[in-house]
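Notes to accompany the following structure.
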Amino acid sequence: MRKLLKLAVSAAIALLPSAAAFAQTDITWWDFLSGGDGVRMKALIKEFNDTHPDIKINATTLEWGVPFYTKVQTSAAVGQQPDIMTYHMSRYPLAVPTGILRPFTDEELASAGIKKENYVDAAWKQATFDNKVYGIPFDVHSIVLYYNKTILKEAGLLGDDGLPKGLDGLDNFNAALDKIKATGKVEYPLSLHTDEGGSMWRVFYTLLSQQGAKFIDGDQILPGDAGVKALKTMANWVSSGYSPKLISYEASIALFTSGKAAMHVNGVWEVPTMTDLAKKGELGFEWGAIEIPNLLGAQATWADSHSFAVPNSESKPITPEKLKAVLQVIAWMNEHSISWASAGHIPAYKPVTDSKEFKEMQPNATYAKLADTAVFDPVSKLAGVAGPIYEATQNFVVPALNGQLDPEDAIDQMREELQSQQ
């Protein structure tokens, strides 16, 4: 009887699932991704969870911008922070000095196979302060020039390769706008989102950087006259009737997609909009997108990056077990970022951008080279998404480019406003 009982107990134990086999590390994830970005990230998270039974990502999407960063700061202070979060790299200069981000050691990165040489250099540098790495870039997203191939061809501005020609140099670019206007086929040669500071900061900073100038140099804001030249260039596009005054984001896109504007400056994140409309047969023309032409002397384009970071909390720091899982998540996300590229973004992980699949992805592969000359926001507490520079652009640059303020006065007032906040 004892022998039978012993055998029965042994069999029962054998049927029980082992704790080790079903041990799972739960990871709390916060992001600010909505729209197409949100859909793609949720799909990546689901794929990771489905293929990694030992790790489960519990994801929450919060409001983009200041509310997100404020919540991260307050939650970390009381030990209720997530284990991993998305973070704009333009916000790092604000976050690092205040201790919001936990740096990764070389040993921690090596344990997950995360190597600097596999990432876009400009993005990796943006995450590095005093030789410490505070986050891992996921993409490079920038502004590009969308164009209507039909209109550009009629204006003599389309090459045999389907790419625009004759747009480099400000004089050539303005002459091209005149040629487009002369076709009589569009209301505007160029559509800009002229009523909002964030969009216009990206264009302004691009034109400033193309002059080899800095927005902040030491303790000086906008030294020299490069800022005035950049703003006058933008204001001229509006005053000359090349681009509309005080137009909303949605309306600026609609001008292009309806064929009423030949070109449009916007972020790469609108690539899915164009792709989807074209697939449905609702666009009415062939389109493309290229990096912003070199208008003022040097190839440069404003850029930012989504990145992955770990909040720093003195009251409840992340455990070694969770950190190991988080690094595994980050490495996997970058290795599988080809699907993220379909949102228009340029993957920061170079093995993906070097892949055959990415090189066949258009127009992404055409404008991907902008990552080599990308210019991130100034390293300053004034910079970053929804920061003081964005507000100052709204208050001074937007009125000036719409003819409500003299460009020189606007730059003086912008300089004075930001200087007082340094």
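For segment 298-384, lysine pairs separated by 8 or more sequence positions, or belonging to different chains, with Cα-Cα distances below 19 Å total 5. Share of carbon and sulfur in the accessible area of the chain stands at 51%, probe radius 1.4 Å. In degrees between 0 and 90, to the nearest 10, how far off the longest principal axis of the chain does helix 66-77 point, with axes built from Cα atoms? Helix 66-77 sits roughly 30 degrees off the main axis of the chain.
Probing with 1.4 Å while keeping every protein chain in the model, the per residue accessible area of the chain equals 45 Å². In the chain, the longest principal axis of the Cα atoms and the axis of helix 2-15 are about 0 degrees apart.
Per-peptide packing, taken as the mean over residues of other Cβ atoms within 10 Å, places 102-110, 306-314 in the sequence 306-314, 102-110 from highest down. Taken as Cα centroids, segment 33-78 and segment 235-314 sit 26 Å apart, rounded to the nearest whole angstrom.
Once the Cα atoms are used to define both axes, helix 35-51 deviates from the longest principal axis of the chain by about 20 degrees. Distance distribution note for the chain: the fraction of Cα pairs above 43 angstrom is 19%.
Give the shape of segment 310-422 as rounded, prolate or oblate, defined through the alpha-carbon gyration tensor: a ≥ b ≥ c are the square roots of its eigenvalues, a/c under 1.5 means rounded, and otherwise the shape is prolate if a/b is larger than b/c and oblate if not. The shape class here is oblate. Bridging of LYS245 to lysines at a Cα separation below 27 Å is possible for LYS149, LYS153, LYS165, LYS179, LYS181, LYS185, LYS229, LYS232, LYS260, once same-chain residues fewer than 8 apart are set aside.
Subtracting the Cα-Cα distance of VAL39 and ALA298 from 0.36 nm times their residue separation leaves 89.6 nm of extension gain. A Gaussian network model of the chain, with springs between Cα atoms under 10 Å, assigns the largest mean-square fluctuation among GLU117, GLU391, GLU291 to GLU117. Once you have a ≥ b ≥ c as the square roots of the Cα gyration tensor eigenvalues for segment 252-308, tell me rounded if a/c is under 1.5, and otherwise prolate or oblate according to whether a/b is larger than b/c. Oblate, because a/c is 1.5 or more while a/b does not exceed b/c. Using a ≥ b ≥ c from the Cα gyration tensor of segment 53-130 (square roots of the eigenvalues), is it rounded, prolate or oblate, where a/c under 1.5 gives rounded and otherwise the larger of a/b and b/c decides, a/b for prolate? Verdict is oblate for segment 53-130.
Averaging 1/r across all pairs of distinct Cα atoms in segment 148-296 and inverting the result yields a Kirkwood radius of 16.1 Å. Taking Cα centroids, how far is segment 119-157 from segment 329-367 in Å? Between the Cα centre of segment 119-157 and that of segment 329-367, the gap is 12 Å. Per-residue ellipticity at 222 nm computed for the chain from its helices equals -12000 deg cm²/dmol, with DSSP H segments shorter than 4 residues left out and the rest contributing -39,500 (n - 2.57). Modelled spin labels at ASP178 and LYS369, positioned 7 Å past Cα toward Cβ, are 2.8 nm from each other.
The values are calculated or read from the model by the stated rules, or taken from the named source; none is laboratory data. Remember, it's a predicted structure, so these values are computed and weren't measured experimentally. Note: ideal-geometry Cβ built from the backbone for every residue, glycine included; neighbour counts use all protein chains shown. Side chains included, ligands, DNA and RNA excluded: accessible areas come from the protein's heavy atoms. Shrake-Rupley method; radii C 1.70, N 1.55, O 1.52, S 1.80 Å.
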